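Notes follow the structure.
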Amino acid sequence: MFNKEETQDTKYRVLLVAYKDLTEKVENDLAYYFISSIRSKKEIEDNSFGVDRSTSGLTYRTGLYHDWFKKAIMQKLDEGYKLGIVEIPKSYGDRVEVILRELDEKFGDEIIIVESQDL
């Protein structure tokens, strides 16, 4: 399921981003891209996302992403990181991913793209 090759059916690229020790401004700039922010294990353990009956809405997809990335989320929370999930529609191209990867490189261990998945 993880890291499958992108196909013509791919609609979204999803990134799990971990971050810590950032200034408030940098954290806010980074959070602009998140569809979900994760700060505690309780948020994942009590996953209330996906409770709607739709299998195509953002709430459903957010719950799906929490499930996909659960192990990595728990590990990074143990390491003191906060996390965010970024969903990039294929139609947007790679601009957002390039920005996030540049931040990952610039900030080192303070911003990490932990995993990615195509949906």
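Filter the range 28-39 for residues that are surrounded by fewer than 18 Cβ atoms within 10 Å (Cβ to Cβ) and either among the aromatic types (F, W, Y) or within 19 Å of E97 (Cα to Cα) (or both) and give the result. I'd like the intermediate steps shown before the answer.
Just the residues of the range 28-39 that are surrounded by fewer than 18 Cβ atoms within 10 Å (Cβ to Cβ), to begin with: 28-29, 31-32, 34-35, 37, 39.
Those that are surrounded by fewer than 18 Cβ atoms within 10 Å (Cβ to Cβ) and either among the aromatic types (F, W, Y) or within 19 Å of E97 (Cα to Cα) (or both): N28, D29, A31, Y32, F34, I35, S37.
Determine which single condition K71 fails, assuming it passes every other condition in (1) at pLDDT 95 or above; (2) surrounded by 12 or more Cβ atoms within 10 Å (Cβ to Cβ); (3) not acidic (D, E).
(2) is the only condition that K71 fails.
Where the second residue is part of a helix (DSSP H, G or I) and of a type outside the set (F, W, Y) and the first is touching a residue at least 24 places away in the same chain (Cβ under 8 Å) and lies in the range 87-108, which pairs have Cβ atoms under 7 Å and are six or more apart or on separate chains?
E87/R61; I88/V96; I88/E97; L103/L30
So for the range 40-62 (the condition being surrounded by fewer than 12 Cβ atoms within 10 Å (Cβ to Cβ), at pLDDT 95 or above and more than 14 Å from the chain's Cα centre (by Cα)), does at least one residue qualify?
Looking for residues that are surrounded by fewer than 12 Cβ atoms within 10 Å (Cβ to Cβ), at pLDDT 95 or above and more than 14 Å from the chain's Cα centre (by Cα), one finds none in the range 40-62, hence no.
If you scan the range 74-103, which residues turn out to be among the acidic types (D, E) and part of a strand (DSSP E or B)?
Result: E87, single match.
Please tell me if E97 is surrounded by 13 or more Cβ atoms within 10 Å (Cβ to Cβ) and at pLDDT 90 or above.
yes
Can you tell me which of (1) within 17 Å of L77 (Cβ to Cβ); (2) more than 14 Å from the chain's Cα centre (by Cα); (3) not in a loop (DSSP other than H, G, I, E, B) is the one D21 doesn't meet?
The failed condition is (3).
The values are calculated or read from the model by the stated rules, or taken from the named source; none is laboratory data. Computed from a predicted structure; not experimentally measured. Every residue, glycine among them, receives a Cβ derived from its backbone with ideal geometry; neighbour counts consider all protein chains shown.
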